[in-house]
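Q: Can you keep this structure in mind? I'll have questions shortly.
The values are calculated or read from the model by the stated rules, or taken from the named source; none is laboratory data. Computed from a predicted structure; not experimentally measured. FYI the Cβ positions are ideal-geometry reconstructions off the backbone, even for glycines, and counts take in every protein chain you see. Quick note on the areas: whole protein, heavy atoms, side chains included, nothing else; ligands and nucleic acids left out. Shrake-Rupley method; radii C 1.70, N 1.55, O 1.52, S 1.80 Å.
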Amino acid sequence: MTALANAIKRKTHKERSQPAARQKFGLLEKHKDYVERAKNFHKKEKVLKTLKRKAEERNPDEFYFAMEKARTKEGVHDGRLTQANKYTQQELRLMKTQDVKYLSMKATQDANKAARLRESLHFIGATTAAPAAAAPTAGSRKKGGAAPAAAAAPAAPRHTVFVDSAVEAASFDPTEYFDTPAELLDRTFNRPRSAQLADRKAVLGAAAGKGVEKRKYASYKELAQRQERRQKVAAVADHLAYQKLVMGKGRKRKLGAKELREAGLEPEAAGKVFVWKRERKR
């Protein structure tokens with residue numbers, strides 16, 4: 001009998017909607033919406049009642065020694081969140097070590113990703129740029145040495161053609177030898193022949209490779225960005241490592257501007273350079 005009663009189709013009760021005359025007030029509030037709104041209202045009312053009772057029961061003669069240094073700003077207590085000398089010197093050195101390790105890890109990640117990108121790219125027609133001057137490491141700055149000079153830019157690639165005699169060398173025509181127009185002789189890659197240029201379908205097909213060129217340009221750009229970021233992160237890691245050395249033990253003194261100029265360094269660019277006293281290690 002129960003199964004038969006469940007099989008009978010019952011009337012579907014629909015929720016009452018907002019009357020057309022009250023559409024400007026939004027959706028019609030249901031009982032569950034009222035319950036949530038009432039709980040929120042009574043919660044705020046309870047907080048206000050508690051604060052009011054505390055204010056009424058407050059002792060005007062109450063005093064703490066911390067009140068002597070307390071300050072108020074526009075009638076509101078100004079509680080300082082910072083604490084002087086919160087960490088010891090050893091704890092600060094440990095934090096520097098953790099920062100250096102994290103930055104070194106990020107620099108290694110960028111170097112590995114750049115190496116994988118470099119292996120997937122062919123660098124066709126690209127000339128190798130001069131490497132940037134190496135950033136001074138912690139050891140070199142500790143000794144007051146200057147950074148190594150930038151290496152000279154390598155020469156542009158050349159195509160050498162060998163002939164049998166000086167007569168052939170004098171009458172050598174690169175346009176005829178490479179079978180390409182004179183305007184395309186400067187290319188080191190993708191140098192089409194004259195027969196290929198005569199074919200209209202081949203010329204139109206070359207225009208369809210714009211997407212490939214766009215992806216290739218994006219890959220080269222990503223490689224350059226990763227290499228630049230690796231250099232910046234490595235420089236910051238070296239600077240933090242140098243700060244850690246300065247915070248460590250050992251007698252040291254800061255070099256003046258005159259001493260930096262004698263060592264071949266610019267005082268503004270070198271920053272703070274320290275020299276440690278020689279100590280005999282046991």
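Q: When the convex hull of the C-alpha atoms of region 2-122 is computed, what volume per residue in Å³ does it have?
A: That works out to 606 Å³ per residue.
Q: Using packing as a proxy for protection, rank 35-45, 108-118 so that the peptide with the highest average count of other Cβ atoms within 10 Å comes first.
A: 108-118, 35-45
Q: State the extension gain, in nm to one decimal, for the chain segment bounded by Lys258 and Val161, taking 0.36 nm per residue of separation less the distance between their alpha-carbons.
A: Taking 0.36 nm per residue and subtracting the Cα distance, the gain is 29.2 nm.
Q: If packing is taken as the mean number of other Cβ atoms within 10 Å per residue, what is the order of 177-184, 70-77, highest first?
A: Per-residue mean Cβ counts within 10 Å order the peptides as 177-184, 70-77.
Q: Something else: Roughly how many Å² is the accessible area per residue of region 1-85, as a whole number, for a 1.4 Å probe?
A: It amounts to 112 Å² per residue over region 1-85.
Q: Please compute P(r) over all alpha-carbon pairs of region 1-56, binned at 10 Å starting from zero, and give each bin as a whole-number percent.
A: Pair shares across the bins are 17, 21, 21, 20, 13, 5, 2.
Q: How much of Val246 can a 1.4 Å solvent probe reach, expressed as accessible area in Å² and rounded to 10?
A: 40
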